[in-house]
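Inspection log for the structure reproduced underneath, given as structure tokens.
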Amino acid sequence: MKKRITLSIYLILFLGILIGCDSPKKEVSIDVNELDITQIHQAYKNRDYSSEQLVKAYLKQIEKFNKPLNAITSLNSEALEIAQKLDAEYHKTGILRPLHGIPILVKDNINTKGMPTTGGSLALQNFIPEENAFIIKKLVAAGAIIIAKTNMAEWAFSAKHTESSTFGTTHNPYNLDFVPAGSSGGTAAGVASNFGTIGLGTDTGNSIRGPSSHNALVGFRTTIGLISREGIIPLILRNDVVGPMCKTVEDATKVMEVMVGYDAKDSVTKNSKGKVPDNYTQFLQKDGLKGARIGVLRELSNNNPDSEVLALFEKSLVDMQNLGAEIIDTIAIPNFATLRESQWCVEFREDVEAYLATYVKNDTIQTIEDIVRIGTKSAYAKKQLGFFGSNSGRMGNPEISCGDLYDDAKRVAFRKAIEKRMDELKLDAIVYPTWNNKPARIMAFEEEYKGDNSQIIAPHTGQPAFTVPMGFTKGTLPAGLQFLGRMYDEPTLIKLVYSYEQGTKHRVSPILN
């Protein structure tokens with residue numbers, strides 16, 4: 001598979017020479033390290049380089065560094081042609097679309113026309129969607145270039161690590177012995193390693209924020225209902241969210257801004273009507289923490305943390321205070337321990353079989369039993385398939401029915417308790433470490449999986465939760481700080497995380513070999 005990827009890179013570069021375009025033909029050296037959207041668009045305006053040349057630079061980065069990481073699963077054979085057309089468009093109009101010529105990495109469970117969408121599984125290893133997912137259509141219309149798909153934990157089963165039957169195991173670029181977390185570990189490792197400017201992940205309980213934290217990235221889990229999930233392989237649709245994984249808050253905001261909005265094929269998005277501002281970039285304010293009231297949820301942060309991670313968290317509170325925030329330490333949410341119980345509902349069979357019927361349309365792959373029959377190379381995925389295939393309904397309290405975000409009594413009660421406490425204390429956000437512990441070693445990922453705070457609140461309440469780099473523990477392992485906000489209050493979270501990011505500048509690229 002890795003050999004096929006390398007051959008694909010040469011093919012793409014060769015086709016680029018044959019096709020021809022209006023962009024400059026001179027050879028340029030582009031340092032893709034930490035490039036962001038603003039820098040790239042300025043370079044286009046200055047004619048420093050073209051979209052085509054930038055895509056070639058990222059392809060070279062992938063060819064040079066992907067092998068030990070195993071982040072990339074397939075390359076877009078049309079990437080250079082798309083870049084050339086965007087260059088010709090800009091040459092003609094002088095107008096850059098919002099994501100004009102920006103290379104994006106897309107998780108392998110998001111439908112991309114003409115490219116494999118395997119979910120990391122043998123059952124879908126040959127599946128190529130006929131159409132793009134709703135959000136991919138919006139991103140492409142905004143000028144983004146899908147440069148590659150990324151590896152993921154098979155069927156998105158694992159928050160712990162990223163291992164698939166189709167492409168194997170992804171490693172953390174900051175230390176190859178450690179996990180990048182899951183299930184969007186390929187996107188996280190790829191964006192962190194500068195294989196693309198921006199990336200997409202999905203998050204059922206952890207899978208945007210966890211890998212972002214482990215790879216010194218910004219990860220946005222938005223309010224359920226803000227962004228469509230149409231055309232995405234589900235894990236538990238009632239909790240699933242798709243969102244940006246980027247090197248900067250500004251880039252994540254720009255990607256999110258393109259994706260938001262109503263989609264008739266995802267009914268939950270009707271709840272976003274009237275709650276989307278004209279633009280989100282207006283909330284990128286360096287003084288966004290000034291006067292903000294930040295609540296500290298010690299019930300999470302002090303739950304058996306690693307001492308180094310806790311030290312980084314304590315330092316983050318001081319940093320926010322120095323940036324003008326008022327820290328409310330310690331907040332207590334009444335009945336928190338009870339409210340968080342029995343929130344998980346297993347609906348994998350119903351959700352994935354609906355996806356198979358709608359998009360795959362293969363008579364031999366219609367049910368969970370078909371997936372089990374086809375098999376898996378992953379012992380972890382095999383165990384999870386057994387669990388999801390034989391279980392449904394609410395874990396812990398099967399007698400309580402599972403509902404959507406607005407009519408499930410347990411979800412509503414949990415959310416109301418948190419937002420009520422936020423209102424009483426006049427909080428702008430609640431903070432805690434994204435992980436209380438360091439990344440686990442790949443060889444011991446199950447035993448060392450500890451401190452995952454992302455699973456506890458946002459997936460069930462529907463609230464937005466953003467992670468931003470908080471620094472590094474010994475051994476150059478990244479840690480993340482998570483901000484939890486009110487429903488549809490992404491503007492406030494953007495202000496806070498942007499201010500914290502700009503005031504601390506913790507993001508550092510990994511050293512690749």
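Answer yes or no as to whether K426 is more than 20 Å from P244 (Cβ to Cβ), in contact with an Asp or Glu (Cβ under 9 Å, 6 or more places away or on another chain) and part of a loop (DSSP other than H, G, I, E, B). When the stated conditions are applied, K426 does not pass them. Looking across the stretch 124-149, the residues that are buried (at least 24 other Cβ atoms within 10 Å of the Cβ) and either of a type in the set (G, A, S) or assigned to a loop (DSSP other than H, G, I, E, B) (or both) come down to L124, A133, A144, A148.
Assessment of the stretch 96-106 against the conditions (crowded, with 24+ Cβ neighbours inside 10 Å and of a type in the set (K, R)) yields no matching residue. For the stretch 324-335, indicate whether the set of residues that are small (G, A, S), within 26 Å of the chain's Cα centre (by Cα), more than 20 Å from F127 (Cβ to Cβ) and in the same structural domain as A429 (by TED's automatic domain parsing) is non-empty. No - not one qualifying residue is present in the stretch 324-335.
Screening the candidates T253, T269 for the property of being part of a helix (DSSP H, G or I), farther than 25 Å from G403 by Cβ and assigned by TED's automatic domain parsing to the domain that holds V468 yields one hit, T253. For the stretch 166-178, the criterion of being within 17 Å of I37 (Cα to Cα), touching a Leu at 6+ places or on another chain (Cβ under 7 Å) and surrounded by fewer than 24 Cβ atoms within 10 Å (Cβ to Cβ) is met by none of the residues. Looking at N46, N33, N109, just one residue is under 21 Å from V218 (Cα atoms), out of contact with any strand residue (DSSP E or B) (no Cβ under 7 Å at 6 or more places or on another chain) and at pLDDT 95 or above, and that residue is N33. S207 meets each of the listed conditions (1) part of a loop (DSSP other than H, G, I, E, B); (2) farther than 13 Å from F466 by Cα apart from (2). A residue that is in contact with a strand residue (DSSP E or B) (Cβ under 6 Å, 6 or more places away or on another chain) and polar (S, T, N, Q) can be found somewhere in the stretch 153-171. Consider the stretch 402-416 and keep the residues that are touching a Gly at 6+ places or on another chain (Cβ under 8 Å) and within 16 Å of L237 (Cβ to Cβ). The one that is surrounded by the most Cβ atoms within 10 Å (Cβ to Cβ) is R411.
Among the residues examined, A354 does not qualify as among the small types (G, A, S), in contact with a strand residue (DSSP E or B) (Cβ under 8 Å, 6 or more places away or on another chain) and not assigned by TED's automatic domain parsing to the domain that holds N302.
Being surrounded by 21 or more Cβ atoms within 10 Å (Cβ to Cβ) and among the charged types (D, E, K, R) holds for only one residue in K247, K273, and it is K247. Within the stretch 70-99, being farther than 29 Å from S183 by Cβ and β-branched (V, I, T) holds for T93, I95.
Cβ-Cβ distances below 8 Å connect the following pairs, each with a first residue in the stretch 451-470 that is in the same structural domain as I418 (by TED's automatic domain parsing) and free of Cβ contacts under 8 Å to residues at least 60 places away in the same chain, a second residue that is outside any strand (DSSP E or B) and of a type in the set (V, I, T), and a separation of six or more residues or different chains: T461/I418.
Counting only strands (runs of 3 or more DSSP E) that sit wholly inside the stretch 429-513, those with at least 2 residues that are at pLDDT 95 or above and of a type in the set (F, W, Y) are 465-473. Among the residues of the stretch 225-242, those identified as aliphatic (A, V, I, L, M) and more than 14 Å from the chain's Cα centre (by Cα) are L226, I233, L235, I236, L237. Of the residues making up the stretch 30-75, those that are assigned to a loop (DSSP other than H, G, I, E, B) and assigned by TED's automatic domain parsing to the domain that holds V140 are N70, A71.
The values are calculated or read from the model by the stated rules, or taken from the named source; none is laboratory data. All values reported here derive from a predicted model rather than from experimental measurement. A quick note on method: Cβ atoms are made from the backbone with ideal geometry, for glycine too, and the neighbour counts reach across all protein chains shown.
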